[in-house]
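The values are calculated or read from the model by the stated rules, or taken from the named source; none is laboratory data. Quick caveat, the model's predicted, so the values are computed rather than measured. Here the Cβ positions follow ideal geometry from the backbone for every residue, glycine too, while neighbour counts run over all protein chains shown.
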Amino acid sequence: MRKPFVLNTLTALALALSSSAFATGTPAGTVIQNQAFLEFSPNDGQPPLVIPSLPVLTTVLPICSVSVLPNGTLAAPGQSYSLLPGEGAVLRYTVANTGNTSNTLTLQLATDTTSQFTPGDLSLHIDANGNGIIDANEPAVTQITLDADQSAGVLVQVSTTQAARGNAFLNLIGNCATNITGTAGERDDDNVARVTVGEPPTLTVTKTFSPPSLNPGQETTVTVTARNTGAGASREVLITDMINTTAMKDFTFIGGSARLLDAQGAPLGKVEFTADGNAWQAAESVPVAGVRGRISSLAPNASAVLSFRLRAPLTEVGTRRNIADLVSGDQTVQAPADVTVKYNPEIALGPVGNPRALPGGELSANDRQVKDVAVLGQEVCFVQTVQNLGDRPDTLTLTGRLLIGEATYRFTQVDGTPITEPFQIPNLAPQATADFRVCVTPSKAGTPTEALRLELTAKSSMGAADNQTIDSILTLADNGLKPVKSVDAGDMKLVKPGQDLSYTLTFTNAQTFALTNVVVRDNLQVIQVLDAAGKLTRTDTLEFVSADNGGVLEGTEAVWRFPSVAAGQTVTLTLKTRVPAATPEGASVVNVFTVASSEIPAPVPSNPIKNPVFDDSNLTLVKTSVPPVVSYGQEITYTFTVTNKSATANLTLIEAHDTLPVGLVYVEGSSTLDGAAITPIVSGRKYTWLIPGLAAGQVAEVRFRALVTPDAGTEIKNSAIANAVSPGGVPTNPTPPSSTVTKITPESIFGRSTADIVGYVFIDRDRDGVYDKGLDVPYPNARVILANGRIALTDLEGRYHFSNVMEGTVAVRLDPNSVVPQNLSIPQDAGLSGSRLVYVRNLTSIDFPLAPDGGDIAVIRDTTLRVTGGLPEAQNSFTVRKQVFTTEEAGVYRVQLILSASADLPSFSLTDPLPTDAALLDGQNVLNFDTLPSGERAVTYRFRWSGDSKGAVTDPTASWRY
């Protein structure tokens, strides 16, 4: 390198130069004048003589010279940088023009071949502002123009990769162009810098709270540990822990507790604090929102520990998460840690009086209650104690879980009061206890060695560990204890006020083990007094008369006590009582007794014995009849006066029964109840009238008429009885029969005679009005009616018959609703088709010819419904034949139903549904009879329907009681 500003001095003997010449820093083009002087002294002592030479003129030529600093060699680099993989550096050089004129210098960065890695980037930048930083407005360059003696800073950008290791040698070379004189330009190339990339550090950070779980108000130590497990030292390390986060903001920093130490416990680096997370300072801030440790470098295998203390809040409990950050260079590592603030809860659940199950403790033999034997279906109760061992009030929740066997269970207070689930004991004070019962009703046994095991669990609202206890039953036996009760008056029988009742109480110990402490109880407060609406108003008590086998009266209970009842032993007891004379009628005596023992603690009830209280002599029926004397053909009017003489009891469903003797024929439609029409139930000759109810003291009157026939003889005796349903739902005994006798006058016996009416109903095909067998068609099930209401149906041959018709003029009519064809008009009609007014005597024949088909009347359905299933008594007891006809009027259909019953059918109902949207024109398609008499009858009706004729057909349904 050329040194700037070097002067070469020209000297010669005694010559004195008048000015400097040949200075390299002299600007090019400068003219240098040089003149020598010879000074000597003559020998004669004359003054010295000075003889000048001729002047010499020299012109300075332009010279290029470059200087790059700092100098450096491979052995002694001018600059050295230690980096970590991936880091970069900026080499700083000064480039100077040491020539005597302005020059453009070429810059080049060379990487020596001895380098162990090749750096990246290596761009050159002019440091225009001299700040030593490559700014955005300082682009990369390869040359620089400088005036003479001018210098500038040059920055070299160096980058490394993660794989880079070892030394790289970089040399900034400055080149000068060729001098004007033709000599080679200068070159400055001894400017070696070294960049060393070492092994990287491996930084880890962990964080702990000690203790990690603490009570409100307690302190915990936060420890953040940073470690360098790599082979290289780190850059500056910052360990930061913010405590003003949402999770931790209610924790309080303990002043003076922050420490930053190395692995040996010696102080390391410095601790800083912040009040807002932005500005940091060495002194504790107010408040302390964060703490951090600053270490200049963390050597390989070295550690740094930042610690401080926090105080937990007094009220807010729960688990919080806090995160510490480690930042070094471009590395950021986080360490989360949890701290839990909770009370110090503890609970215990165990047998009564020993909730901690001492001495064995949780789930030991001391934490288990065992019953050797219990009975299936019988509730067994265990008494438990639960305790809050914590330091705060705690709400405890109790649950159960069957581990062995099958059962239901419930929780109760010690006194038996049920506890509503979920079972909770709220705010149980510290150290306080609570007793309760769990009652188990086993339904199925488990293993042979343990029939049932119930696990109870107590849970804490404060976070205490659950606590369990076990209740166990070793053996389960079937409940063979079946108490049986009877009464001398009979179950479901009426009893009177003042009547004595003798009860028999029996039970057998059918278990395989003896029953101990057996208690039998019979509560006598069992008389239920009801109001008129059947609502219980009060309960009265039977009078205690006596009890055998040591039974005594305790309050309202007859009680027997036995120390033991052996297996298989039967106990029979007698209890005598009396219905109080003041007991109102309508009340009911409903009595049971119970048996309990130590092994069967839940009382086992007997069957109930029910006796309604009513004196059935209070139900009376008085029968009367008028007139007292009749003749054949006359009617008798009968009256039943039914009275409920009770002062308090209402009766329901009173039945008045009258079996008409031979010679009496009931007049249809003649029955009334208190003047309103009523229809009796008929079964053969037995007629039953139903009175819905009789209030206390109420009277009802039933009337009906009957026709006297010659079969009656000389007198007719007719009897009736009544019975009712008492308020307790028990039928009363029938009343004594009430009878009337009606005389038949001799004149009627000998002076008047009877006749029989017979005849045919037929389709008169030749329209001659005379039945021609083989030609005309008999019409079955046609209904013929006498003026007095008597009805007869034609048989399959079209024949009908009325017997015992009084001689004289009789009106007879063929019911037009029972036949489809029209009646033929004959002279006997007297202008009303299908009617006859005939004088009958002896045997009189009256026929009804019907017009034969004359149009397109078509039968679209002819079917028969027979009952063949069900109970034997319902087999083949009823059939209905249904025929559906079209008529001349479009959309109008005629239906004929022929009902055939082989016996009287009570509560009979028949429904023949119409097609959807059809309209009934006349007749009835729904029939209801209190009793459908045996025999046949025809029913017709018409309806209008606009649908397809195939849809006009439906199927009837019928029902009756049997």
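A few notes on this one:
- Considering segment 334-353, and only residues there that are under 22 Å from Val438 (Cα atoms) and in a strand (DSSP E or B), the residue that is farthest from the chain's Cα centre (by Cα) turns out to be Pro351.
- Number of residues in segment 762-781 that are under 10 Å from Phe848 (Cβ atoms) and outside any loop (DSSP other than H, G, I, E, B): the value is 1.
- Across segment 149-159, the number of residues qualifying as over 17 Å from Gln79 (Cα atoms) and either buried (at least 17 other Cβ atoms within 10 Å of the Cβ) or touching a strand residue (DSSP E or B) at 6+ places or on another chain (Cβ under 6 Å) (or both) comes to 3.
- Test: residue in segment 338-353 that is surrounded by fewer than 16 Cβ atoms within 10 Å (Cβ to Cβ), touching a residue at least 40 places away in the same chain (Cβ under 8 Å) and closer than 30 Å to Thr204 by Cβ: yes
- Qualifying residue in segment 639-646 (condition: within 58 Å of the chain's Cα centre (by Cα), at pLDDT below 90, farther than 28 Å from Leu905 by Cβ and surrounded by fewer than 16 Cβ atoms within 10 Å (Cβ to Cβ)): no
- The requirement of being touching an Asp or Glu at 6+ places or on another chain (Cβ under 9 Å) and not basic (Lys, Arg) is satisfied by Asn215.
- Among the residues making up segment 469-504, those that are in contact with a Leu (Cβ under 6 Å, 6 or more places away or on another chain), under 30 Å from Ala348 (Cβ atoms) and not charged (D, E, K, R) are Thr469, Ile473, Leu476.
- Selection of strands (runs of 3 or more DSSP E) fully inside segment 363-428 by the criterion of at least 1 residues being among the acidic types (Asp, Glu) returns 368-375, 394-404, 406-412.
- Within segment 818-840, residues that are assigned by TED's automatic domain parsing to the domain that holds Asp795 sit with their Cβ atoms under 7 Å from residues that are of a type outside the set (Phe, Trp, Tyr) and in a helix (DSSP H, G or I), at 6+ positions apart or across chains, in these pairs: Gly834/Pro816; Ser835/Asp829; Arg836/Gln828.
- Considering Ile749, Ile721, Ile763, the condition of being at pLDDT 80 or above, among the aliphatic types (A, V, I, L, M) and in contact with a Phe, Trp or Tyr (Cβ under 8 Å, 6 or more places away or on another chain) is satisfied by Ile763 alone.
- Selected residue (criterion: nearest to Thr59 (Cα to Cα)) from residues of segment 30-47 that are polar (S, T, N, Q) and in a loop (DSSP other than H, G, I, E, B): Thr30
- Number of positions in segment 125-148 that are in contact (Cβ under 8 Å) with a residue 40 or more places away in the chain, assigned to a strand (DSSP E or B) and surrounded by 13 or more Cβ atoms within 10 Å (Cβ to Cβ): 2
Residues are listed down the side, and each one gets a yes or a no for (1) of a type outside the set (Val, Ile, Thr); (2) closer than 30 Å to Val237 by Cα:
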site: Ala148; (1), (2): yes, no
site: Val154; (1), (2): no, no
site: Val192; (1), (2): no, no
site: Glu199; (1), (2): yes, yes
site: Gly217; (1), (2): yes, no
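- Filtered residues of segment 794-820 (kept if within 18 Å of Ile763 (Cα to Cα) and either touching a Pro at 6+ places or on another chain (Cβ under 7 Å) or assigned to a helix (DSSP H, G or I) (or both)): Thr794, Asp795, Leu796, Glu797, Gly798, Pro816, Asn817, Ser818
- Residue list for segment 240-275, filter: within 50 Å of the chain's Cα centre (by Cα) and either of a type in the set (A, V, I, L, M) or under 20 Å from Val327 (Cβ atoms) (or both): Thr240, Asp241, Met242, Ile243, Asn244, Thr245, Ala247, Met248
- Residue within segment 930-941 that is among the aliphatic types (A, V, I, L, M) and within 51 Å of the chain's Cα centre (by Cα) present: no
- Residues of segment 269-289 that turn out to be within 23 Å of Gly217 (Cβ to Cβ) and surrounded by fewer than 20 Cβ atoms within 10 Å (Cβ to Cβ), as a count: 4
- Single residue of Gln413, Gln387 found to be outside the structural domain of Ser598 (by TED's automatic domain parsing) and surrounded by 16 or more Cβ atoms within 10 Å (Cβ to Cβ): Gln387
- The set of residues from segment 648-671 being buried (at least 16 other Cβ atoms within 10 Å of the Cβ), hydroxyl-bearing (Ser, Thr, Tyr) and farther than 26 Å from Glu585 by Cα comprises Tyr666, Ser670, Ser671.
- Qualifying residue in segment 568-580 (condition: out of contact with any Asp or Glu (no Cβ under 9 Å at 6 or more places or on another chain), surrounded by 18 or more Cβ atoms within 10 Å (Cβ to Cβ) and farther than 27 Å from Val380 by Cα): no
- When Arg320, Arg356, Arg309, Arg292 are checked against the criterion of being part of a loop (DSSP other than H, G, I, E, B), surrounded by 12 or more Cβ atoms within 10 Å (Cβ to Cβ), basic (Lys, Arg) and outside the structural domain of Ser82 (by TED's automatic domain parsing), Arg356 stands alone in meeting it.
- Test: residue in segment 213-234 that is among the hydroxyl-bearing types (Ser, Thr, Tyr), within 16 Å of Ser328 (Cβ to Cβ) and outside any strand (DSSP E or B): yes
- Any hit, segment 606-625, residues being charged (D, E, K, R), modelled with pLDDT under 95, surrounded by 23 or more Cβ atoms within 10 Å (Cβ to Cβ) and within 18 Å of Thr735 (Cα to Cα): no
- No other residue among Ala477, Ala458, Ala451, Ala465 is surrounded by fewer than 15 Cβ atoms within 10 Å (Cβ to Cβ) and more than 30 Å from Pro580 (Cα to Cα) apart from Ala465.
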